[in-house]
Each structure stands twice: as C-alpha cells, then as structure tokens.
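*Asks:* Take a look at this one; I'll ask things after.
The values are calculated or read from the model by the stated rules, or taken from the named source; none is laboratory data. Fair warning: this is a prediction, and the values are worked out from it, not measured in the lab. All Cβ positions, even for glycine, are placed from backbone atoms using ideal geometry, and neighbour counts span all protein chains on display.
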Amino acid sequence: MFRALVLGSISLLALTSGAAAADGQKIFQLQCKTCHLQKSSLSGPSLVGVSKRAIAALPDYAFSEALKGKSGTWTDENLDAFMSAPKKFAPGTRMPGSWPVAADRAALIAYMKTLN
Ligand code: HEC
C-alpha cells in the first residue's frame, strides 16, 4: 500500500514535471538558496546549468577534493544520490545536510533543469 502510494506519486511527478519544477523551486528557495546563489559565493557553487554539467567543474568555486575526485556529470541519478546523502556520495564533501524525501529530490531535480 505504502509502496504503491510512493510509486504512484513518483509517476505523477514524472507526468507533471511542470508542477514538480514549481514545487522544487519552493523547496530550493527555502533549503538551498542560502548557500547556492545565482553566482558562486563562499557558501557554495552556483547551480545555474548544473543539470548534466561535469561534477565540481565550475572554475569560479573552490570545490573540495572529495567532490573534485568524483568523475562523471550531474545526471538525475547522481543528483538524487548526492542530495539523499552528500557525505555518502562524496565522503569529505563540504555540503552539509541531506534530503531524505524522494519526492522532494525529484522536484528539486526538475527545478534545477530550469536553471539556465
Ligand atoms: C549550508 C550550505 C548548503 C546548502 C543549504 C546546500 N548546499 Fe549544495 N553545496 C554546498 C557546498 C559548500 C557545495 C560544494 C561542496 C564541495 O565542494 O564538496 C555544494 C555543492 C552542491 C552541488 C554540486 C555542484 C557542482 O557544480 O558540482 C549540488 C548539485 C548541490 N550542492 C545541490 C544542492 C541542493 C539542491 C540544495 C538544497 C536541497 C543544496 N545544495 C543545499 C553547500 C550547500
């Protein structure tokens, strides 16, 4: 039952990605924007264009060795894994916190695709 509900809401999110992006924007404003501004700052790198970008690739931010050591790009799967447990994805990363709700992560990923 719970599983069906969760799967149901995930496919609903996939169908209504516009709505998901709007939800993601709200979460982003509350929980990410303090560190992730339009431009990179001491608090964190810019996330403009982050979807599909190489991991830790911005020249204007001093990423941790932990994140620089990861190869690959910010696919949906990598973004999901990173937000779900940053320190598991890249032990030693300086990004604190974790976002355990899958639907929130899906909404955030949809929103990040709109950041250009
Ligand atoms: C307290 C500050 C803080 C908050 C809040 C925060 N981040 Fe971060 N984030 C960072 C820092 C610092 C880094 C760089 C980490 C490193 O170099 O190890 C980072 C890195 C990232 C990266 C990798 C960027 C790249 O170019 O490789 C992504 C993606 C990201 N954060 C997403 C998010 C999202 C989405 C949220 C909100 C759900 C969030 N962050 C909340 C501080 C924060």
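*Asks:* Out of Lys68, Lys52, which single residue is surrounded by fewer than 16 Cβ atoms within 10 Å (Cβ to Cβ) and either among the hydroxyl-bearing types (Ser, Thr, Tyr) or near the ligand (Cβ under 8 Å from one of its atoms) (or both)?
*Replies:* Of the residues listed, the single one that is surrounded by fewer than 16 Cβ atoms within 10 Å (Cβ to Cβ) and either among the hydroxyl-bearing types (Ser, Thr, Tyr) or near the ligand (Cβ under 8 Å from one of its atoms) (or both) is Lys68.
*Asks:* For residues in segment 13-48 being at pLDDT below 95 and among the hydroxyl-bearing types (Ser, Thr, Tyr), which is nearest to the ligand (Cβ to nearest atom)?
*Replies:* Among those residues, the one meeting the criterion is Ser17.
*Asks:* May I pose another question? If Ser51 meets every condition in (1) at pLDDT below 95; (2) closer than 11 Å to Met112 by Cα; (3) of a type in the set (S, T, N, Q) apart from one, which number is that one?
*Replies:* (1)
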